[in-house]
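The next block holds one structure in the form of C-alpha cells; read it before the comments.
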Amino acid sequence: MSRPLIEVDPTRSVEEQREVLMNRWHPDIPAVVSVKPGDTFVVECLDWTGGQVRNDDSATDIRDIDLTPNHVLTGPIHIDGAQPGDLLIVDILDVGPHPKQNWGYTGIFAKQNGGGFLTDHFPEAHKAIWDFHGVYATSRHVPGVRIPAIPHPGIIGTAPSAALLNKWNARERKLISQDPNRVPPLALPPEPRNAIFGKLLPGTPEYERIAREGARTIPPRENGGNRDIKNLTRGARAFLPVHVPGAKLTVGDLHYTQGDGEITFCGAVEMAGWIELHVDIIKDGMNKHNIQHAMFIPSPIEPRFARYLVFEGYSVDEAGEQYYLDAHVAYRRACLEAVHYLMQFGYTGEEAYTILGAAPVEGHISAIVDIPNACCTLWVPTEIFEFDILPKKDGPHPMVQGGKIAHA
C-alpha cells in the first residue's frame, strides 16, 4: 500500500488533525486535496465518533457519547473536471483497520441518545469490543461467534448543491415539526456545535454560516452519504451523483463487518482504518442514465455462506396491531424472532441483538404485495457460530454463558 494521500492518527485528538476532517454536508466546505480522474489513492479515517469509544469493559462511553460532532469523516476530496450532472465512479480497491488500532466495537445506543432499531426493547447502552485476527473478529463480550470481515465505508458521498441542501433541511424540519419532542427525534436539524470544516475555524464568518446551514451526516440522501451498506466492500464500484464542481468526495465511518440494517444504530464493528480508492467520471451521467440517487456494483469477493437460518416477520406489531404492507414493522418482527431464538442458547437479549447488528446477516423484503402483510426475512449465517443453532427434536440447549457484554 502506498503512503496515504490523507493521514489521520487514532491516538491523537480530533482537534489536533481537524484540517483534514469534516462532519457536515455543505457545498462550501473547502476541499482538503485534489485528485484526477484515473487516480488511485489511499486515505485514512478515524472511527465515526473520533475516538470517544474506549477498549474497556464498560458502556458508559456509549451511553454518554456526544453525537453533535458525528460523523468524523475524511475529506472533502476535489475531483478535477467533475461538474454538476456527472456521475462519479469510485472503485473500492481495499479497506483495512488502522495500523495503530487493531480492534473495533459495536454499541447498543441508549434510547435517550439515539436509540436503535429495537430501542423500545433494548433502551439501555451496551458495548462489545472485537479483536481482529486477519479476516475474523472475536469478542470477549460475545462468546461463541467468529465473524468474517466484510470491510466497507459506512459513509461515502459527494457534497450537495446549495439548492439540494436547502431541500434537505426544509423537508427534515417539516418532519421534525410533526413531533418535535420525540425521543429519539424524528430527524436532526443543522447543529452548529462541534461542526468541523477542515481549515475553516470557529469564529470566522464563513465557518459560522456553514455551521448554521450544514446538514447532519446521519441519514443517507441523494448524495450517497451514510447508507451503511455492507456490500460496498473491497471490489465494489460506486456511482455517486455530482452536485458541485469537483464533486467533493468524502469518506469515513469504516466498518470491519456489519449486518444488513446495522440495527443497534452503532451496529457494525466500527473501526479506524484506511481505504484505497480509484476514481473516474461519466460526463453528464445523471442525465444519460436518468438517475438521482447513488448506485453500486457489489464486490465479487464477499463472504459466502453455505447455510442460513432464516427468520420471518410480518407487518403485525408486538401488540398484535395490523399494519398495511409495513416493511419496517415486518423487519423488526423478524429481528425480534431471531433475538428470542438465540437467547435459548444462553445469550442475553443484548448479546443476540449485537450479533445481528455486527455479523453479515442478510435482510430481505421477501414480499410486499400481499395485502395486508409485508413479509421481511432475516438470514443468519449458521457458520459464524461455534455450535449448531439449527432446530432439533429435543429443542435448544444453553451453549454459551451469556451476560458478558459491557453495560453502562
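Quick one: net charge around Leu336, please, counting Lys, Arg +1 and Asp, Glu -1 for every other residue with C-beta under 14 Å from its C-beta. Spell out each step's value before the answer.
Working: positive: Arg332, Arg333; negative: Asp120, Glu312, Asp317, Glu318, Glu337, Glu350.
So the surrounding residues net to -4.
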For the stretch 182-191, Karplus couplings with θ = phi - 60° (6.51, -1.76, 1.60), whole Hz, Gly/Pro x = 5, 10, x, x, 6, 6, 10, x, x, 9
Here the gain from full extension of Ile371 to Asn102, 0.36 nm per residue of separation minus their alpha-carbon distance, amounts to 92.0 nm
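Let me know the shape class of the stretch 145-207, please: from the alpha-carbon gyration tensor, a ≥ b ≥ c as square roots of the eigenvalues, rounded when a/c is under 1.5, otherwise prolate if a/b is greater than b/c, or oblate. Display every interim value, and only then the final one.
Numbers: a/c = 1.87, a/b = 1.21, b/c = 1.55.
Oblate.
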When the label point is put 7 Å from the Cα of Gln112 along its Cα-to-beta-carbon vector, which residues of the stretch 61-82 have a backbone N closer than 18 Å?
-> 61-68
Ranking of His78, His243, His407 by count of other Cβ atoms within 10 Å, fewest first | His407, His78, His243
In degrees, nearest 10, range 0 to 90: what is the angle between the Cα axis of helix 162-176 and the longest Cα principal axis of the chain?
-> 40
What is the distance, in nm, between label points placed 7 Å from the Cα along the Cα-to-Cβ direction at Arg209 and at Ala319?
-> 4.9
Within a Gaussian network of the chain (alpha carbon springs, distance under 10 Å), most fluctuating of Ile156, Ile77, Ile365 | Ile365
Distance in nm between Asp91 and Ser34 label points, each 7 Å along Cα→Cβ, equals 2.4
Calculated P(r) of the stretch 1-96 - Cα pairs past 21 Å, % = 43
Pulled fully out, how much extra length does the chain show between Gln83 and Thr138, if you take 0.36 nm times their separation in residues and subtract their Cα-Cα distance?
-> 15.4 nm
Please build a GNM for the chain, connecting alpha carbons under 10 Å apart, and tell me which residue among Pro398, Pro219, Pro381 fluctuates the most.
-> Pro398
On a 0 to 90 degree scale, rounded to 10, what angle separates helix 327-343 from the longest Cα axis of the chain?
-> 50
Within a Gaussian network of the chain (alpha carbon springs, distance under 10 Å), most fluctuating of Val135, Val279, Val90 | Val135
Tilt relative to the chain, helix 349-358 - C-alpha long axis, 0 to 90 degrees, to 10 = 40
What are the semi-axes of the equivalent ellipsoid of the stretch 227-327, taken as the square roots of 5 times the eigenvalues of the Cα gyration tensor, listed largest first and rounded to whole Å?
-> 31, 21, 15
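For the residues Leu175, Leu188, Leu249, what sequence is obtained by ranking on other C-beta atoms within 10 Å, fewest first?
Values: Leu175 12, Leu188 17, Leu249 27.
With the fewest neighbours first, Leu175, Leu188, Leu249 line up as Leu175, Leu188, Leu249.
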Taking placed amide H atoms and a strict 5 Å upper bound, the residues 5 or more places from Tyr308 or on another chain that come that close are Thr382
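Give me the dipole magnitude in Debye, nearest 20, for the chain about the Cα centre, with unit charges on the beta carbon: positive for Lys and Arg, negative for Asp and Glu.
Details: 37 positive and 51 negative charges, 106 e Å.
Roughly 500 debye, rounded to the nearest 20.
Got a sec? How would Tyr324, Tyr256 order by Cβ neighbour count within 10 Å, fewest to most?
Numbers: Tyr324 10, Tyr256 29.
Result, fewest neighbours first: Tyr324, Tyr256.
Assign one of three labels to the stretch 281-335, namely rounded, prolate or oblate, based on the Cα gyration tensor with a ≥ b ≥ c the square roots of its eigenvalues; rounded applies when a/c is under 1.5, prolate when it is not and a/b is larger than b/c, and oblate otherwise.
Numbers: a/c = 5.72, a/b = 1.61, b/c = 3.54.
Oblate, since a/c reaches 1.5 and b/c is not below a/b.
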Do the sum for the chain: with -39,500 (n - 2.57) for every DSSP H run of n ≥ 4, divided by all residues, what is the mean residue ellipticity at 222 nm, to the nearest 500 deg cm²/dmol?
-> -4500 deg cm²/dmol
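Given a Förster distance of 56 Å, report the FRET efficiency between Asn166 and Arg3 from their Cβ-Cβ distance, rounded to the nearest 0.05. Display every interim value, and only then the final one.
On the way: r = 39 Å, r/R0 = 0.70.
After rounding to 0.05, the efficiency reads 0.90.
Every read-out reported here was derived from the displayed coordinates using simple, explicitly stated rules and does not represent laboratory data. Since the model is a prediction, treat every value here as computed from it, not as a measurement. With ideal geometry, Cβ positions are generated from the backbone for all residues, glycine too; neighbour counts draw on all protein chains shown.
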